[in-house]
Each structure stands twice: as structure tokens, then as C-alpha cells.
Amino acid sequence: MSEQDDFKRAAAEKALELVRDGMLLGLGSGSTVRYFTEGLGLLVADGMKVRGVPTSRATAEIAAANGIAVVEEIVGQIDLAVDGADEVDASLSLIKGRGGALFREKLVAAASKRFVIVVDESKVVERLGAGVLPVEVLPFLWRTTAERLAGLCSGLKVRGGEEEPYVTDNGNLVLDLSFEDGIADAPALGSSLKAVTGVVEHGLFIAMTDECIVGGPNGSRVLSRPI
Ligand code: 5RP
């Protein structure tokens, strides 16, 4: 296991301390939160009773393989959702979706009383947008959506390429937007993206995260959202 994997695991193990018997949990997607889901499986094997709302088909399979009861329809709120991120800034705004699950991830985050992010320290940035920002779009007339989005970024590519584009669990495409100088105003960009016809959802998560657990060489540290 690489050092980065150790950091991911340290963050995920810290998040497991927040789980209580009877909770309805949001289960994020990606390699970091996978450690959380697998650890949760061990708690379930020891007798803990929880249910999980998965944010992707891949996570649903991992959860089921680890003995966690999976639900996809809920009434009320999720007690705690734990997910990974691609970039996190000091205000705990995020870029998510490089694993392609951003729409369900945002639905689960929005339905949760507490949204906790687990990352290794390489994900903590001063300004969002050094890497790409994923945007999920409807396949129908997607090139016209891409043209509308082009004015909001420095460049964009359809994930997987035009020949065989990547298709999300929701049957949509992902456009990866790039920003030469990063993202200057993430909330404003989020609003602009949301207003583009054809956009299903974007990977900016603004003012949604309650805590971010960062795994690093000294174990884990918790960043809380500034008030
Ligand atoms: C998937 C995501 C992931 O949570 C994000 O890409 C982080 O993944 P990893 O923990 O593998 O780095 O947003 O849509």
C-alpha cells in the first residue's frame, strides 16, 4: 500500500468514529471512502445495525459485498454522509466528480444532516480549479450545451472522448472543464453553471461540507467550516 493510501485510510478510519448504531448513512464514491465502507462492513459484522444510501452503482456493490444494507429511497434525512473529494479549499468548498458520481453525491449530501469529507492531504488547495471541474450534461444535443459552457471556462473535453464517451450511472455525459488560473469565485461559477440549459449538475460543492478529515503523515486532522 502506498503512503497516499495510508493517508486515505487514516482519514476514513477517523470518520468511522462518527458512526452510531441505527444510523442511516450516505456512502460516497471513490478510493478514499472505500476504506470507510469496508470499515463499516467490519462494524456491521460485529453487530452494528446501519443502512447505507450509495452514491454510485460501484459503491452499492462494495456496500453489499461488505454486508451493509443498501437503500435507495428514503423518507426524511440521512444522519451522516461520508464522501471523498478531488479538491478542498479553506472554506470547505469542494470539487467532486472525477470519479463520475457527482450528481448522486450531491443529492446524498443535500439530504444529509451532516456531510463529512475524507481526503488525503494532496487534495487540500488554496484555490479550487487546478484540476478539471466535472459537469454532468444530458447526452441530447450535448455539443450545444458544451458551446454554452465554453464561455465559462478556459477549455473543456468530453470525458472518455467523442468516440466512446464515459456514461454516468444516470445515463448522462461528463464534460471536464479547465481553468487556466483556477476558479476565482466558486459560488458565482456554480450559479452560472447551474443556469446553463443541458447541465444536469456540476462538481462544485459550496457550503455543503460540515467537516473535512485530512489524512497525512501525522494521522488525521479535522477541518471545520469557518462560521
Ligand atoms: C467521485 C468523487 C470522488 O469522491 C472523488 O473523485 C475522490 O475520489 P478518490 O477518493 O478516489 O480520490 O467525487 O465522483
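The values are calculated or read from the model by the stated rules, or taken from the named source; none is laboratory data. These numbers were taken from a predicted model, which means no experiment stands behind them. Here the Cβ is made from the backbone with ideal geometry for all residues, glycine too, and neighbour counts use every protein chain on show. We work out accessible area using only protein heavy atoms, side chains counted, and drop any ligands, DNA or RNA first. Shrake-Rupley method; radii C 1.70, N 1.55, O 1.52, S 1.80 Å.
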Largest-first ranking of M48, M1 by accessible area, probe 1.4 Å, whole protein assembly kept, is M1, M48
Among GluC sites (Glu not before Pro) in region 1-60, those in a DSSP loop whose Cβ has at most 14 other Cβ atoms within 10 Å are E17
In a Gaussian network model of the chain with springs linking alpha carbons closer than 10 Å, the residue among I95, I213, I183 that fluctuates most is I183
For the pair Q77 and E121, the simple spin-label estimate (label points 7 Å beyond Cα toward Cβ) gives in nm 3.3
Label model pair L138, I206: point-to-point distance (7 angstrom along the Cα→beta-carbon line) in nm is 2.4
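Set the Förster distance to 30 Å, then compute FRET efficiency between A195 and K157 from the Cβ-Cβ distance, nearest 0.05.
Working: r = 22 Å, r/R0 = 0.73.
Once rounded, the FRET efficiency stands at 0.85.
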For region 1-94 the trypsin sites (Lys or Arg not before Pro) that pass both the DSSP coil test and the at-most-13 other-Cβ-within-10 Å test are R20, K49
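Once you have the Cα-Cα distance between A58 and V70, take 0.36 nm times their residue separation minus that, and quote the gain in nm to one decimal. Let's see the in-between values first.
Numbers: separation 12, 0.36 × 12 = 4.32 nm, distance 1.22 nm.
So the extension gain works out to 3.1 nm.
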Out of V88, V200, V33, a Gaussian network model of the chain with alpha-carbon springs under 10 Å gives the largest mean-square fluctuation to V200
Measuring from the longest principal axis of the C-alpha atoms of the chain, the long axis of helix 31-45 (C-alpha) lies at a number of degrees, nearest 10, equal to 30
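Can you tell me the length gained on complete extension of the stretch M48 to R225, counting 0.36 nm per residue apart and subtracting the Cα distance?
Numbers: separation 177, 0.36 × 177 = 63.72 nm, distance 2.95 nm.
Here the segment from M48 to R225 would lengthen by 60.8 nm.
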What helix-only [θ] at 222 nm does the chain give? Using -39500 (n - 2.57) per DSSP H run of at least 4, over all residues, to the nearest 500, the answer is -8500 deg cm²/dmol
Each label sits 7 Å from Cα toward the beta-carbon; between R114 and E17 the label points are separated, in nm, by 1.2
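So how much slack lies between D6 and N218, counting 0.36 nm per residue of separation and subtracting their Cα-Cα distance, in nm? Display every interim value, and only then the final one.
Details: separation 212, 0.36 × 212 = 76.32 nm, distance 1.07 nm.
Full extension of this stretch gives 75.2 nm more.
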Computed over region 50-173, protein heavy atoms only, probe 1.4 angstrom, the accessible area per residue in square angstrom equals 47
Among F36, F103, F179, the residue with the largest mean-square fluctuation in a Gaussian network model of the chain built from Cα contacts under 10 Å is F179
Sorted by chain and then number, the residues having a modelled amide H within less than 5 Å of the amide H of G129, at least 5 places away or on another chain, are I183
Of the accessible area of the chain, computed with a 1.4 Å probe and all protein chains kept, carbon and sulfur make up a percent value of 51
Which of K49/K194; K14/K49; K8/K157; K123/K157; K96/K157; K113/K157 exceed 27 Å between C-alpha atoms? The answer is K49/K194; K8/K157; K113/K157
Helix 3-16 sits off the longest principal axis of the Cα atoms of the chain, rounded to the nearest 10 on a 0 to 90 degree scale, by 60
Relative contact order in percent for region 133-202 (Cα pairs under 8 Å, 6+ apart) equals 47
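Find, among the GluC sites (Glu not before Pro) in region 161-214, those assigned to loop by DSSP (not H, G, I, E, B) with at most 10 other beta-carbon atoms within 10 angstrom. Kindly include the intermediate steps, with their values, before the conclusion.
On the way: sites: E162, E163, E180, E201, E211; in loops: E162, E163, E180.
Loop-located and lightly packed - E162, E163, E180.
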